[in-house]
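For reference, the structure discussed in these notes is given below.
Coordinate-derived values only; no laboratory data. What you see is a predicted model; the values in this text were computed from it and never measured. Using ideal geometry, Cβ is built from the backbone for each residue, glycine included, and neighbour counts are taken over all protein chains shown.
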Amino acid sequence: MENNTSKSAIGTAMKAAIIAALLLAVGVTVYMKGQKTAPPAIEKVSATVPSAPLPKLVDLGATKCIPCKMMAPILEEMKLTCAGKLEVVFIDVWEKPEEADKYNINLIPTQVFFDAAGKELFRHEGFFAREDIVAKWKELGVELPAPTPAKGP
């Protein structure tokens, strides 16, 4: 009898721990959605408009997500070095949750590759290194320039 009682107590404690963890996760999500931060520089609209449509890399993430923060300098550098060959866009789905629905996002960051006509060619979830992004574009028929070398002291 005592064994069944202890099993029941353990089961109840585990259920309570799971419920507490879920409530904490929901609370953190609601809190993070309510946080307002300055949008990253990549969201600024360029004054120059390309004469022809370009292939597009759309990164859907959030400014406070760790892998997304790791993607930010890669996207910013690609926006500069690939200007005229590739459009690079960052969308913060915590600030614009409707965009997550629009792009059917399950995980952030997610990178979506579009051709110049707007057709989705490829999708990747999670951190994506610059070399891997360039290799994927090459596989898709788009040649991109090498990264800008880092400036030394």
- Query: Want the number for Val89 to Glu143: 0.36 nm per residue separation, take away the alpha-carbon distance, what's left?
  - Reply: 17.6 nm
- Computed over segment 41-139: relative contact order in percent, which uses C-alpha pairs under 8 Å that are six or more apart: 35 percent
- Quickly rank 129-140, 103-114 as a protection proxy: mean count of other C-beta atoms within 10 Å, highest first. 103-114, 129-140
- So between Glu99 and Ala117, what do we pick up on full extension, going 0.36 nm a residue minus the alpha carbon distance? 4.5 nm
- Sorted by mean Cβ packing within 10 Å, highest first, what order do the peptides 54-65, 77-88, 117-128 take? 54-65, 77-88, 117-128
